[in-house]
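See below for the structure under consideration.
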Amino acid sequence: MGEAIEAYDKGLALTPDNAGLLYNKAATYAMLKKTPEMLELLERSVRLDHEYKDEALNDDAFKEYWKEPAFKEIAEFQSFKGRMELVRVPYQL
């Protein structure tokens with residue numbers, strides 16, 4: 001799995017905000033049981049593309065973490081835009 005990490009690092013050096021690469025690297029760290037690294041990368045990927053929160057809840061690479069509070073917090077993340085759409089306040093002059 002070290003080769004996979006190196007490949008993700010090369011890709012992220014070129015495109016540091018690539019949510020897919022961040023997610024895949026997080027999944028690799030999950031399989032390696034490197035929890036802090038996995039959580040950091042997963043959070044970054046979810047913030048960039050909130051579709052990855054649903055992916056993580058169904059990806060067996062993260063199965064061991066599904067009940068962990070830190071993982072659940074990331075998986076339940078809503079983007080700022082999503083929260084704003086849920087809390088619409090009428091505009092008054």
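Please list, in order along the range 4-19, the HN-Hα scalar couplings obtained from phi with the Karplus expression 6.51 cos²θ - 1.76 cosθ + 1.60 (θ = phi - 60°), rounded to whole Hz, x for Gly and Pro.
Rounded to whole hertz, the list is 5, 4, 4, 5, 5, 4, 5, x, 6, 5, 8, 9, x, 9, 7, 4.
Can you work out the Karplus-derived ³J(HN,Hα) for every residue in the range 67-75? Use 6.51 cos²θ - 1.76 cosθ + 1.60 with θ = phi - 60°, whole Hz, and x for glycine or proline.
With the stated coefficients, the range 67-75 comes to 9, 6, x, 5, 5, 4, 4, 5, 5 Hz.
What's the Cα-based Rg to Rh of the range 1-57, Rh via Kirkwood?
0.94
Excluding same-chain residues fewer than 8 positions from Lys33, which lysines have a Cα within less than 18 Å of its Cα?
Lys25, Lys63, Lys67, Lys72
Hey, what D do you get for the range 37-81 in µm²/s if you plug the Kirkwood alpha-carbon radius into Stokes-Einstein at 10 °C and 1.306 mPa s?
Details: Rh = 10.3 Å.
Result for D is 154 µm²/s.
Using a 1.4 Å probe and ignoring any ligands, DNA or RNA, find the accessible area of Lys33 and quote it in Å² to the nearest 10.
Surface open to solvent at Lys33 totals about 120 Å².
The values are calculated or read from the model by the stated rules, or taken from the named source; none is laboratory data. Since the structure is predicted, the reported quantities are computational estimates derived from the model, not experimental observations. Calculation scope for accessible area: heavy atoms of the full protein, side chains included, ligands and nucleic acids excluded. Shrake-Rupley method; radii C 1.70, N 1.55, O 1.52, S 1.80 Å.
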